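Notes for the one structure printed next.
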Amino acid sequence: MKGQDPIAPALSLSAFLRALRERQSPAEFGLAAGPRRRTPGLRREEVAQLCGLSATWYTWIEQGRDVSVSASTLARLARGLRLSRAERGYLFELAGKRDPERPGKRDDPPEGVLACVDAIDGPAYILDRTWSARRWNAKASRLFAGWLDC
């Protein structure tokens, strides 16, 4: 059985970045359209400048080269290209990185989920991704005395 091609994620990221770049209008970013634009949308150099990256580095990423793209570089790309939340999430998913500026970064459960703990008749608690108790009801507090009330 064959494993996944290690270049495939880089090529997916490459195709997504190129599509984003080509759909952008230079005028939206305050750039002159110019009489001779050979490519639709923004030029690679313009994207690199908007994102605070070197033109070579951006080109390598968009070409799908086997380079390691950091989360901060992806965040710069998302800000520079003015991506929506969904597009930003997809960008980080393609790169296999965690968004350092994602909403709800503290991993707070939604208030509705927290309220469910109180509605449960038996002992109940909620743990976050680091196994810290975030909410518990009175029965869980009695059952796990000394652990939940620390």
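The values are calculated or read from the model by the stated rules, or taken from the named source; none is laboratory data. Since this is a predicted model, take the numbers as computed values, not measurements. Glycine gets a Cβ as well: all are built from the backbone with ideal geometry, and neighbour counts include every protein chain shown. Calculation scope for accessible area: heavy atoms of the full protein, side chains included, ligands and nucleic acids excluded. Shrake-Rupley method; radii C 1.70, N 1.55, O 1.52, S 1.80 Å.
Remarks
- Size descriptors for segment 64-150, from the alpha-carbon set: Rg then Dmax equal 19.0, 57 Å.
- Förster-model FRET efficiency, 41 Å R0, ARG36 and GLU93, C-beta, rounded to 0.05: 0.65
- With protein chains left intact and a 1.4 Å probe, residues in the chain average 65 Å² of accessible area per residue.
- Of the accessible area of the chain, computed with a 1.4 Å probe over protein heavy atoms only, carbon and sulfur atoms account for 54 percent.
- Projected label distance in nm at ARG79 and ARG65, using a 7 Å step from Cα toward the beta-carbon: 2.4
- Listed peptides 139-146, 12-19 appear in the order 12-19, 139-146 once ranked by packing, highest mean of other Cβ atoms within 10 Å at the front.
- Gained length - ARG102 relative to ALA8, 0.36 nm times residue gap less alpha-carbon distance: 31.4 nm
- Ellipsoid semi-axes for segment 3-127, based on the Cα gyration tensor and the rule √(5λ), read 38, 18, 11 Å when sorted largest first.
- What separates the Cα centres of segment 17-34 and segment 112-137 is a distance of 47 Å.
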